[in-house]
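K.L.:
Below is one structure. I have some questions about it.
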């Protein structure tokens, strides 16, 4: 019988994390009488045994707050932790510490709230250490496999759309090309949906390598039609044809960062068109701020559902959205996979109907 559960947030932050924590804590205490132990700063907190016993009062007033009261850490692999001993740095597998910590606190199931890397490590803890885990998907990039939606995404789309709206007025006033770079390493959901919502003229996403000449042609076609400005929305992972992999920088933990995406595009467009352009990189503005009503509701649904499946004894699963219904899927089916934009899917086709160029 489950009596005590743990909860942690890991990976990059996003709007809705506090909402999800609140849902887990309130559902666990109010509906099932569970005790809840929160672990600080993700897997690091589990390894270092940094915790707090959570009460309903601890999650009061955090529904609309951005960030996470438990803290988080990005790019932290519990199976390869850099340890400094007597000035010498070595990499060690510290996952046994997680097992010891959970055993010490009599944790019957651990709720992990995170993205692709967090879920990948959770799956490894399940397979190698036999830990009972339930995952809740969060990411602004909406790239978690097995769920139609993860919380944090719609708030990021709202932020990007507002930026496009503001860029429209200054672009029109100065007759410029405005380039907005948004997050999206491997999937272009934020750029695609914000681009449609904000009326972008060109959308560049990782799934569709672009031809710089066709992007320039789309801009010239607008000018010939009497449009003196253009709005380009691009994912940070968007790349020109033939250059896949050239600008990728490994972080040493199976993740990638992309440098110079919008700078490269701006330089090439100016060379081809001789038109003035300006770059705006939204960056971490997309991660911050209050969650939208949509994300508050979704995070609450996912958090409560995570506790419900624990009560049923359905461990080692990720709660997910499937055709607007909350369901669950085995974590092993999610780990190591990404949800990308279907290049012939409805959203891409709708954008094309609106006259949007993808540079292909």
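K.L.:
Relative to the longest principal axis of the C-alpha atoms of the chain, give the angle of the C-alpha long axis of helix 293-311, reported between 0 and 90° and rounded to the nearest 10°.
P.N.:
Helix 293-311 and the main axis of the chain meet at about 30 degrees.
K.L.:
When a/c reaches 1.5 or more, the comparison of a/b and b/c decides; with that in mind, is the range 154-287 rounded, prolate or oblate per its Cα gyration tensor?
P.N.:
Oblate, since a/c reaches 1.5 and b/c is not below a/b.
K.L.:
Next up: On a 0 to 90 degree scale, rounded to 10, what angle separates helix 95-104 from the longest Cα axis of the chain?
P.N.:
50
K.L.:
Fewest to most neighbouring Cβ within 10 Å: what's the order for 34, 145?
P.N.:
Fewest-to-most Cβ neighbours within 10 Å comes out as 145, 34.
K.L.:
What distance in nm separates the two pseudo spin-label positions at residue 96 and residue 168, each 7 Å out from Cα along the beta-carbon direction?
P.N.:
6.0
K.L.:
Quote the relative contact order of the range 154-287 in percent (integer), defining contacts as alpha-carbon pairs under 8 Å separated by 6+ residues.
P.N.:
Numbers: 246 pairs, mean separation 45.3, N = 134.
About 34 percent, as a whole number.
K.L.:
Same structure, new question: Per DSSP H run of at least 4 residues, take -39500 (n - 2.57); add these up for the chain, divide by its residues and hand me the 222 nm value, nearest 500 deg cm²/dmol. Can you show the working numbers first?
P.N.:
Numbers: 10 runs with 132 residues, N = 360.
Value at 222 nm, helices only: -11500 deg cm²/dmol.
K.L.:
As I understand it, the value is the acute angle between the Cα axis of helix 261-273 and the longest principal axis of the Cα atoms of the chain; what does it come to in degrees, rounded to 10?
P.N.:
Relative to the chain, helix 261-273 is tipped by roughly 10 degrees.
K.L.:
Which of these, 173, 262, 328, has the largest mean-square fluctuation under a Gaussian network model of the chain (Cα springs below 10 Å)?
P.N.:
173
K.L.:
Let me ask something additional. Tell me, how many Å apart are the Cα centres for the range 1-73 and for the range 118-187?
P.N.:
Going from one Cα centre to the other spans 21 Å.
K.L.:
Moving on to the next point. Over the residues of the chain, compute the C-alpha Rg and express it relative to 2.2 N^0.38 Å.
P.N.:
With N residues counted in the chain, Rg over 2.2 N^0.38 Å equals 1.07.
K.L.:
Separate question: Measure off 7 Å from each Cα along the Cα-to-Cβ vector at residue 220 and residue 1, then give the distance between these two points in nanometres to one decimal.
P.N.:
Once both label points are built, they end up 7.6 nm from each other.
K.L.:
Each label point is 7 Å from the Cα along the Cα-to-Cβ direction; what then is the distance between the points at residue 338 and residue 83, in nm?
P.N.:
Result for the modelled spin labels: 3.2 nm.
K.L.:
With the contact rule set at Cα under 8 Å and sequence spacing of 6 or more, what percent relative contact order holds for the chain?
P.N.:
23
K.L.:
Mind checking the full-extension length gain between residue 56 and residue 311? Use 0.36 nm per residue of separation minus the Cα-Cα distance, one decimal, nm.
P.N.:
That pair, residue 56 and residue 311, stretches by 89.9 nm at full extension.
K.L.:
Right, here's the next one. Fully extended, how many nm does the chain gain between residue 75 and residue 270 (0.36 nm per residue separation, minus their Cα-Cα distance)?
P.N.:
Contour length minus Cα-Cα distance gives 66.6 nm.
K.L.:
Ok, one more. Once a ≥ b ≥ c are taken as the square roots of the eigenvalues of the Cα gyration tensor of the range 73-206, is the result rounded (a/c under 1.5), prolate (a/b larger than b/c) or oblate (a/b not larger than b/c)?
P.N.:
Details: a/c = 3.66, a/b = 2.23, b/c = 1.65.
The shape class here is prolate.
K.L.:
Rounded to the nearest 5, what % of DSSP beta bridges with both residues in the range 154-287 are antiparallel?
P.N.:
On the way: 3 of 18 bridges.
Taking every DSSP beta bridge within the range 154-287, about 15 percent pair in antiparallel fashion.
Bear in mind these aren't lab numbers, they're just calculated from the coordinates by the rules spelled out. Please read these numbers as outputs of a predicted model, since none were measured by experiment. In this analysis, Cβ positions are derived from the backbone assuming ideal geometry, glycine residues included, and neighbour counts consider all displayed protein chains.
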